[in-house]
Amino acid sequence: MSLTSILSAEDIENAVKEFQAPDSFSFKKFFQLCGLTSKSPKEVKDVFQILDDDNSGYIEESELKFFLQRFVPGARTLTDAECKGFLSAADDDNDGKIGVEGESLSVITCRLGYYHEPVGKAVSISLYQIV
Ligand SMILES: [Ca+2]
Ligand SMILES: [Ca+2]
């Protein structure tokens, strides 16, 4: 499975282009632009499984660094600050990585208004509880 079987290649390209400048990355906006926020929980999970390059069940900080390149090979790497910001918002159980099961879905629930910033941490409500 590839990302473009779930998301449109054009949307992905536009989303990546939006964040070309270092430290400009916003995962909320990125997920909106590439269309992920309108996908089903299963599709969202599929995307996170693709992003979990080594199939560890987690997206580690080392994988987050190359997050944009998973979408577009020529994209830039995320800066340390961007990785940490992404992690702190998505890592509900504070183990330093984003779990593909459950936890990662809370990243997406921002579209439903359950995400509060800049408190620093996403409120952990899975999509399954909402729908
Ligand atoms: Ca991994
Ligand atoms: Ca975690």
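The table below gives the values:
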item	result
Glu63 away from ligand 2 (no atom under 15 Å from the Cβ), part of a helix (DSSP H, G or I) and at pLDDT 90 or above	no
Subset of the stretch 51-60 [more than 15 Å from ligand 2 (Cβ to nearest atom) and under 10 Å from Val100 (Cα atoms)]	Asn55
Count - residues of the stretch 27-53 that are outside any helix (DSSP H, G or I) and modelled with pLDDT of 85 or more	5
Single condition Ala75 does not satisfy, out of (1) aliphatic (A, V, I, L, M); (2) surrounded by 14 or more Cβ atoms within 10 Å (Cβ to Cβ); (3) over 22 Å from Ser8 (Cα atoms); (4) at pLDDT 95 or above	(3)
Among residues of the stretch 78-99, those that are more than 13 Å from Phe27 (Cα to Cα) and within 16 Å of ligand 1 (Cβ to nearest atom), counted	7
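The values are calculated or read from the model by the stated rules, or taken from the named source; none is laboratory data. Keep in mind that this is a model prediction, so the values were computed, not measured. Virtual Cβ from ideal backbone geometry, glycine too; neighbours counted across all protein chains shown.
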